[in-house]
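Colleague: Mind having a look at this structure? Questions to follow.
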Amino acid sequence: MGNLSERQKLILALVIREYVEKVNPIGSERLVEDYALNVSSATVRNEMAALTEQGYLDKPHKMAGSIPTEEGYRYFVSQLMGRTTLPSNTRHTIQHQFYQARSDIDQWMRLAASVLARQSRGAALVTSLHPEHARLKHIELIATRGRQVLMVLVLDGGEIRQQMLKLAEPVAQDKLSATARWINEALQKKDAHEIIALLSQTQDDLKSDILQLTVDEMQRSDNVLAGDIYRDGLANVLAEPEFLEPGVAHRALRFWEERSQLEDLLSQTVLSPQTSGIHVLIGGDGTWEDLSDCAVVLSRYGVPGVATGAIGVLGPARMTYAHTISTVQFVANLLSELVGDTLSNERYEE
């Protein structure tokens, strides 16, 4: 990022503010008149030309005004926007909606998606809570054909994973059932790391094979989303001028609806162990081409180290960043508080 003068920072912020509201290229004369700038329109025009050279503004037509670029939005979010919070009346309204809802995590997920969509006027998503480390709840081993065995693995939280294991030789169902009982008694509530420690001490070939397969499945579960994804507000995005072009809308919504792409996005951003807080993605940041005309605001919620999920808003790059970021942050904190209390009560009851 280039070093901008205070005047250039002001002009960039005003261009973004005007463009977000008006969706038309912004000229120097409009800025001088609307904001009573104590400089001439020629001076503002020169500063806008400098911002264009540095990549923060673009001039789509020779005689028209300027519009922000993706770099301009990024500079605004990181350098100019500052810390923002939702108005107190908005916060109280959202809190009231959640506390009036049933004390049910799924209900909170649906409500969170609805609140985010309405407040941001964008497309919202909320993922179900996912344990940061899968823990074994129950395992079943079922003889099928010859040496093949079906393993049904049930994890804490209800996730079910199935896998076929081909043994070195056929094993009777009673021995498979006895092995499953031993694993359930010895390893219930254990995570993959704890099972690996036991694996190194096991001499029985059948138990070793089953334990290794269990570890593999639990590690896969640690690295992918599980459960439902709640969405709301897709109609809001389709109503924006940027999405009137069919190709733009199709790419963005296809990405938003396709689970594998969302898993990739979330695992590399807010659900990555190396990240925390709000993550703002503008124009796909050169990684996700289908989001090249969009902005995405994401946050993690839940109890770190226990169970977390992600919430987010998709909209045009011409987004009201301050309000959207504040909304996502507030809803994430509120969900974390509610979920934390619920999980604590469940552990206490156990």
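Read-outs throughout are calculated quantities, based only on the coordinates presented, and are distinct from any laboratory measurement. In this text, all values refer to a predicted model and were calculated from it rather than measured experimentally. Neighbour counts run over all protein chains shown; Cβ positions are idealised from the backbone, glycine included.
Colleague: Return the single residue from 337, 169, 258 with maximal mean-square fluctuation; model: Gaussian network over the chain, springs between Cα atoms under 10 Å.
Modeller: 169
Colleague: Take every Cα-Cα pair in the range 136-222 and report what % of them are more than 19 Å apart.
Modeller: On the way: 1146 of 3741 pairs.
Distances greater than 19 Å cover 31 percent of the Cα pairs.
Colleague: Going toward the positive end of the dipole of the chain, with +1 on Lys and Arg Cβ and -1 on Asp and Glu Cβ, which of 133, 172, 260 do you reach last?
Modeller: Farthest towards the positive pole: 260.
Colleague: Also: Amide H to amide H, which residues 5 or more places from residue 307 or on other chains are under 5 Å from it, using H placed in the peptide plane?
Modeller: For residue 307, the qualifying residues are 132.
Colleague: In addition: Aspartates and glutamates within cross-link reach of residue 207: Cα-Cα under 19 Å, excluding same-chain residues under 8 positions apart?
Modeller: Those aspartates and glutamates meeting the cut-off are 140, 169, 174, 185, 191, 194, 216, 217.
Colleague: Here's a follow-up. In degrees, nearest 10, range 0 to 90: what is the angle between the Cα axis of helix 205-222 and the longest Cα principal axis of the chain?
Modeller: Compared with the principal axis, the helix lies near 20 degrees.
Colleague: Around residue 55, under 14 Å between beta carbons, what's the net of Lys plus Arg minus Asp minus Glu among the other residues?
Modeller: Working: positive: 59, 74; negative: 53, 58, 70, 71.
Computed value for this residue: -2.
Colleague: Now for a different question. Compute the semi-axes of the equivalent ellipsoid of the chain, taking the square root of 5 times each eigenvalue of the Cα gyration tensor, and list them largest first in whole Å. Write out the running numbers ahead of the final one.
Modeller: On the way: eigenvalues 527, 92, 56 Å².
Whole-Å semi-axes of the equivalent ellipsoid: 51, 21, 17.
Colleague: Pull up the cross-link candidates among the lysines for residue 9, meaning alpha carbon to alpha carbon under 24 Å and not fewer than 8 places away within one chain.
Modeller: 22, 59, 62
Colleague: OK, next. Quick one: which residues, 5 or more positions from residue 58 or on another chain, have an amide H under 5 Å from its amide H? H modelled 1.01 Å from N in the peptide plane, none for Pro or chain starts.
Modeller: 67, 69
Colleague: If you plug each phi of the range 159-173 into the Karplus form 6.51 cos²θ - 1.76 cosθ + 1.60 with θ = phi - 60°, what whole-Hz ³J(HN,Hα) values come out, in order, with x for Gly and Pro?
Modeller: Listing the rounded values in order: 5, 10, 10, 10, 8, 8, 10, 9, 7, 5, 8, x, 10, 5, 4 Hz.
Colleague: Under the classification rounded if a/c is under 1.5, otherwise prolate if a/b is larger than b/c and oblate if not, where does the range 6-80 fall, given a ≥ b ≥ c as square roots of the Cα gyration tensor eigenvalues? Numbers along the way, then the final one.
Modeller: Values: a/c = 1.34, a/b = 1.19, b/c = 1.12.
Verdict is rounded for the range 6-80.
Colleague: Further question: Highest mean first, what order results for 236-247, 103-114 on Cβ atoms within 10 Å? The partial results should precede the final answer.
Modeller: Numbers: 236-247: 14.2, 103-114: 18.1.
Going by the mean number of other Cβ atoms within 10 Å, highest first, we get 103-114, 236-247.
Colleague: Residues with amide H under 5 Å of residue 295's amide H, sequence separation 5 or more or different chain, H placed in the peptide plane at 1.01 Å from N; which?
Modeller: It is 283, 315, 317, by chain and number.
Colleague: I've got another one for you. Quick one: net charge around residue 293, please, counting Lys, Arg +1 and Asp, Glu -1 for every other residue with C-beta under 12 Å from its C-beta. Walk me through the intermediate numbers first.
Modeller: Details: positive: 251, 318; negative: 70, 240, 242, 245, 289, 290.
Surrounding charge for residue 293 is -4.
Colleague: Which order do the peptides 172-180, 321-329 come out in when sorted by mean C-beta neighbours inside 10 angstrom, highest first?
Modeller: Details: 172-180: 14.0, 321-329: 21.4.
Ranking the peptides 172-180, 321-329 by packing returns 321-329, 172-180.
Colleague: Where a ≥ b ≥ c are the square roots of the eigenvalues of the C-alpha gyration tensor, would you call the range 61-196 rounded, which needs a/c under 1.5, or, failing that, prolate if a/b is larger than b/c, or oblate?
Modeller: Since a/c reaches 1.5 and a/b is larger than b/c, the shape of the range 61-196 is classed as prolate.
Colleague: Could you work out [θ]222 nm for the chain from helices alone, using -39500 (n - 2.57) per DSSP H run of at least four and dividing by all its residues? Round to the nearest 500 deg cm²/dmol. Present the calculation step by step, with values, prior to reporting the outcome.
Modeller: Numbers: 13 runs with 170 residues, N = 350.
Helix-only estimate at 222 nm: -15500 deg cm²/dmol.
Colleague: Just report the Cα centroid separation between the range 119-144 and the range 273-327, whole Å.
Modeller: 20
Colleague: While we're here: Kirkwood Rh, Cα Rg: Rg to Rh for the range 230-350?
Modeller: Numbers: Rg = 15.7 Å, Rh = 15.4 Å.
Across the range 230-350, the Cα-based Rg/Rh ratio is 1.02.
Colleague: Would you mind checking the tilt of helix 259-268 against the longest principal axis of the Cα atoms of the chain, expressed as 0 to 90 degrees and rounded to 10?
Modeller: For 259-268 against the chain, the angle is about 80 degrees.
Colleague: So how far, in whole Å, is the C-alpha centre of the range 152-193 from the one of the range 1-74?
Modeller: 63
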